[in-house]
Each structure stands twice: as C-alpha cells, then as structure tokens.
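S.K.: This is the structure I want to talk about, given as structure tokens.
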Amino acid sequence: MLTLDHLRRALKKATACNSPGSPDLLSAQSLHRQRSSEWVQCLAHELKTLVGDDPNVRVLYRNNNENRDNFGLNELLYDVCICRTAEHPSARGGRALRYVTGAVWLVESEFARDSFQAVKDFNKLVIGRAENKLFIGPTLGPADEAGYLAALLPVAAAAAAEGASRVYVALVPHPGEWAPEMSDVTLRRYAPAGWDTL
C-alpha cells in the first residue's frame, strides 16, 4: 500500500537526482519542468517497489525508454503507468507481441495551483482502469487546500469506479519551492465520506 514515506522518499530523490550543477543558470520555468520530470521518474521507481520485480510488470513514463522495443513508446497515456503485461505471437509468428493485461498504478500530476487545471488532469484517471490511481497536486495554504480538495472529491468518486480502484491524492511542494529537506507532503485516500488522511 502507498504510504507517505514512499512519497517523501521519491521527493527527496527528485530534489537530488540529475539536478543541474547550477540551477540558477536555468530559467525558473526550465527548472520547474526539469524538477517535475525528475519527480515523475523518482515516483515511478518508488511505486515499482510496491509491485516487486515481476518481469511482466512494466513501468512507463516519458523519460523511460526501457519499454520502447516492446511498446514503441515510453509513456502510455499517463505521467506514470505501471501495468501487468503478457506476450502473444504476432500474426505471422515471427515476433512476440507484448500487451497490457491490466494497470496496477495510473498517476497524473499537475502543479498548477488552481482546481480547473487539477480537475482537467484528474479526469484522465476517471477513464482509466487500474487497481490504484494517484493524483499529485501542489501543497497549498489551509484555506486554499480545503477548497482544492473539495473540488477534486467528485472526480475522485468517479475515478474510484464504485470501489474498483483505490484513489489517492498527494499534495507536494511546487517544484519552485523545493529544498534539500522537505516534509510538507500530504497523502489522502478517497472514501465515500470524503478524504481520509494517511
């Protein structure tokens, strides 16, 4: 099960992995984009630890080309998609075709601080079928956070597909606010009565 510790480890790694030697040489927008990419990569690796070392479980995200030979792409519709796969011979029998049998994790993140952008990305989790769905948004002040989470609640209900999926929301600092040590991460799980803090 996903815990706050998983998110904190991924965020800590993201603040350090592949960071430029002089972040001040990048524009703020370039730095945020790079940090967001690192966050997705580190989170994907952390989520993979939850499903073990099964060779038929694949992790797909934009900057991961490990599955390009099998799928012809890096990213499969979501910021992170961890899925179970199998193989079947091609029509002419010359090649094994890898296909998805089910999704374990679907992840979308949106660091814009407004609920319109958040709902737009969270909607992608509604149309996907997976055991677990995670939406990542920015940490906000208490008053803004309450409204933001309330706006996400009906989308989370739809994404839960009447209990078929576990739906989580994680709020992490915006990439522009990253520091080497951060603990300002929250994790909630959707329940019909509202958000349960984990």
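The values are calculated or read from the model by the stated rules, or taken from the named source; none is laboratory data. These numbers come from a predicted model, not from an experiment. Using ideal geometry, Cβ is built from the backbone for each residue, glycine included, and neighbour counts are taken over all protein chains shown.
S.K.: Within the set of pairs 6+ apart or on separate chains, which have a first residue in the range 107-125 that is closer than 21 Å to ALA10 by Cα and in contact (Cβ under 8 Å) with a residue 60 or more places away in the chain, a second that is surrounded by 17 or more Cβ atoms within 10 Å (Cβ to Cβ) and acidic (Asp, Glu), and C-beta atoms under 6 Å apart?
M.R.: Qualifying pairs under 6 Å: VAL107/ASP79; SER109/ASP79.
S.K.: Residue by residue through the range 11-42, note down the ones that are of a type in the set (A, V, I, L, M, F, W, C) and either closer than 18 Å to ARG84 by Cα or at pLDDT below 80 (or both). Walk me through how you get there before you give the answer.
M.R.: We begin by selecting, within the range 11-42, every residue of a type in the set (A, V, I, L, M, F, W, C); these are 11, 14, 16-17, 25-26, 28, 31, 39-40, 42.
Answer for the range 11-42, where residues must be of a type in the set (A, V, I, L, M, F, W, C) and either closer than 18 Å to ARG84 by Cα or at pLDDT below 80 (or both): LEU11, ALA14, ALA16, CYS17, LEU25, LEU26, ALA28, LEU31.
S.K.: I've got another one for you. Return a yes/no flag: does the range 62-73 have any residue that is under 17 Å from GLU131 (Cα atoms), of a type outside the set (Lys, Arg) and surrounded by 12 or more Cβ atoms within 10 Å (Cβ to Cβ).
M.R.: Of the range 62-73, the ones under 17 Å from GLU131 (Cα atoms) are none.
Scanning the range 62-73, I find no residue that is under 17 Å from GLU131 (Cα atoms), of a type outside the set (Lys, Arg) and surrounded by 12 or more Cβ atoms within 10 Å (Cβ to Cβ), so the answer is no.
S.K.: Only one of these conditions is not met by VAL167: (1) in contact with a helix residue (DSSP H, G or I) (Cβ under 7 Å, 6 or more places away or on another chain); (2) over 14 Å from SER109 (Cα atoms). Which number is it?
M.R.: Against the list (1) in contact with a helix residue (DSSP H, G or I) (Cβ under 7 Å, 6 or more places away or on another chain); (2) over 14 Å from SER109 (Cα atoms), VAL167 comes up short only on (2).
S.K.: Related question: Filtering the range 24-58 down to residues that are under 19 Å from ASN70 (Cα atoms) and buried (at least 20 other Cβ atoms within 10 Å of the Cβ), which residue is farthest from the chain's Cα centre (by Cα)?
M.R.: Restricting attention to the range 24-58, the residues satisfying the condition of being under 19 Å from ASN70 (Cα atoms) are 44, 48, 53-58.
Next cut, buried (at least 20 other Cβ atoms within 10 Å of the Cβ) only: 44, 58.
Working: ALA44: 7, ARG58: 14 Å.
This residue is ARG58.
S.K.: Could you check the range 107-122 and list, in sequence order, the residues that are of a type outside the set (A, V, I, L, M, F, W, C) and out of contact with any Asp or Glu (no Cβ under 9 Å at 6 or more places or on another chain)? Talk me through it step by step, then tell me what you get.
M.R.: Going through the range 107-122, the residues of a type outside the set (A, V, I, L, M, F, W, C) turn out to be 108-110, 113-115, 117, 120-121.
Scanning the range 107-122 gives ASP114, SER115.
S.K.: Then there is this: Considering each of HIS32, HIS45 in turn, give the residue that is closer than 22 Å to LEU4 by Cα and in contact (Cβ under 8 Å) with a residue 12 or more places away in the chain.
M.R.: Values: HIS32 fails: closer than 22 Å to LEU4 by Cα.
Answer to the selection: HIS45.
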